[in-house]
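Engineer: Got a structure for you, questions after.
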Amino acid sequence: MDAVMSAYFKNLEAKDKTLQYEAFQQIISATHEKVNWAYDVWDELKTWLTDQDNHKRARAAQFLSNLAISDPEKRIIDDFQILWGVTKDPKFVTARHSLQAIWRVGLAGVEQKNLVIDHFENRFRNGDEEKHHTLIRFDMIQGLRNLYDVLEDESIKKTALNLIELERDSKYKKKYLSVWK
């Protein structure tokens with residue numbers, strides 16, 4: 001990892017919130033492409049997933065989701081359960097930021113894509129009792145749309161539309177369908 005990127009990771013701990021935010025944005029931006037330093041930070045980010053600080057948990061989930069494309073060893077497959085756990089974080093904002101990023105794991109390969117889709121499907125089907133389940137469902141449908149837009153895999157669209165059909169409330173069904181217009 002070069003000195004600039006290393007400094008960004010250090011700045012995530014800075015007292016200055018502006019510096020923290022800039023560091024976060026730079027890391028997110030860098031990880032939208034493949035990077036050669038994923039394993040330099042992987043294990044530390046994995047420990048952040050269970051840190052007491054909800055900001056660290058959210059950042060780690062977002063960074064690891066993005067770093068999946070830079071993971072030729074497919075570590076994300078073994079680490080997915082702990083990453084998925086953050087999508088159910090007690091702090092809803094942390095859970096939501098994690099859920100909104102996790103679709104990016106699906107960009108890493110077929111196995112990773114199927115892992116994400118399977119988890120989305122299961123949670124959509126069985127998450128009726130979750131607090132804010134309509135927002136969670138919306139985020140998963142949006143995640144499927146994002147994945148579809150990049151991979152252009154018609155089976156993703158079919159899965160999303162099938163899930164939307166399960167929604168009994170017409171208001172939310174309409175909202176979820178708006179993602180696919």
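The values are calculated or read from the model by the stated rules, or taken from the named source; none is laboratory data. Quick caveat, the model's predicted, so the values are computed rather than measured. Note: ideal-geometry Cβ built from the backbone for every residue, glycine included; neighbour counts use all protein chains shown. Side chains included, ligands, DNA and RNA excluded: accessible areas come from the protein's heavy atoms. Shrake-Rupley method; radii C 1.70, N 1.55, O 1.52, S 1.80 Å.
Engineer: With Rg and the Kirkwood Rh both taken from Cα atoms, where does Rg over Rh land for segment 84-175?
Structural biologist: 0.94
Engineer: Extending each Cα 7 Å along its Cβ direction at Val150 and Asp43, get the distance between those two points in nm, one decimal.
Structural biologist: Simple spin-label model gives 2.7 nm for this pair.
Engineer: In whole percent, and with a 1.4 Å probe on the protein chains, what portion of the accessible area of segment 1-43 is carbon and sulfur?
Structural biologist: Its accessible area is 51 percent carbon and sulfur atoms.
Engineer: Taking the alpha-carbon distance from Lys74 and a cut-off under 22 Å, which lysines remain once sequence neighbours fewer than 8 residues away in the same chain are dropped?
Structural biologist: Within the straight-line limit of under 22 Å, Lys74 reaches these lysines: Lys34, Lys46, Lys113.
Engineer: How large is Rg over Rh for segment 111-155, taking Rg from the Cα atoms and Rh as the Kirkwood inverse mean of 1/r across Cα pairs?
Structural biologist: Rg divided by Rh gives 1.00.
Engineer: Checking the a/c ratio against 1.5 first, then a/b against b/c, what shape does the Cα gyration tensor give for segment 135-181?
Structural biologist: Since a/c reaches 1.5 and a/b is larger than b/c, the shape of segment 135-181 is classed as prolate.
Engineer: Loop-only GluC sites (Glu not before Pro) in segment 52-147, please: DSSP not H, G, I, E or B, and at most 10 other Cβ atoms within 10 Å.
Structural biologist: On the way: sites: Glu73, Glu111, Glu121, Glu129, Glu130; in loops: Glu73, Glu129, Glu130.
Here the GluC sites (Glu not before Pro) that fit, given the DSSP loop and packing criteria, are Glu73, Glu129.
Engineer: To continue, here is another question. Tell me the mean residue ellipticity at 222 nm calculated for the chain from its helices only (DSSP H runs of n ≥ 4, each -39500 (n - 2.57), averaged over every residue, nearest 500).
Structural biologist: Values: 10 runs with 128 residues, N = 181.
Theoretical 222 nm ellipticity from helices: -22500 deg cm²/dmol.
Engineer: D for segment 1-81, whole µm²/s, Stokes-Einstein with Kirkwood Rh over alpha-carbon pairs at 37 °C and 0.692 mPa s: what number?
Structural biologist: Values: Rh = 12.8 Å.
This corresponds to a translational diffusion coefficient of 256 µm²/s.
Engineer: Sticking with this structure for a sec: So if the hydrodynamic radius of the chain is defined as the Kirkwood radius over C-alpha pairs, what does Stokes-Einstein give as its diffusion coefficient at 20 °C and 1.002 mPa s, in µm² per second?
Structural biologist: 127
Engineer: Enter the Cα centre distance for the pair segment 71-140 and segment 145-181, rounded to the nearest angstrom.
Structural biologist: When both Cα centres are located, 16 Å separates them.
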